[in-house]
1. At 1.4 Å probe size, put Glu29, Glu9 in order of accessible surface, largest to smallest.
2. Per residue, how much accessible area does the stretch 1-73 show when a 1.4 Å probe rolls over the protein heavy atoms, in square angstrom?
3. Quickly rank 12-24, 59-71 as a protection proxy: mean count of other C-beta atoms within 10 Å, highest first.
Amino acid sequence: MVIMERDTETVHEAYAFVCLHCGHGWEEEYEIRHTTDLAGHRRADYFARGIRVPSPLTRNDCPSCNLGPIRILRPGRVNSTRTYLA
């Protein structure tokens, strides 16, 4: 089954993350493609470094310790919090 797309809008967003378990912090930029198909259904696909990835808003584990919880911050906040976590 082929689903035809009617509209695609691309936006760029960045998020900062910090693991509340181990203190690891990182930032990631995303290209988000919002698509509306011919039936009117909307979908958002996230890409990081050209690779399709799950939404960062649903991420629940740390790439450093594989635990969590994870806190999402405004971009640029990781470097400012690292001085307090050290």
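1. Ranking Glu29, Glu9 by accessible area, largest first, yields Glu29, Glu9.
2. 69 Å²
3. Most protected by this proxy first, the peptides run 12-24, 59-71.
The values are calculated or read from the model by the stated rules, or taken from the named source; none is laboratory data. Worth saying up front: this structure is predicted, and the values here are computed from it rather than measured. Neighbour counts run over all protein chains shown; Cβ positions are idealised from the backbone, glycine included. Heavy atoms of the whole protein, side chains included, go into the accessibility calculation; ligands, DNA and RNA do not. Shrake-Rupley method; radii C 1.70, N 1.55, O 1.52, S 1.80 Å.
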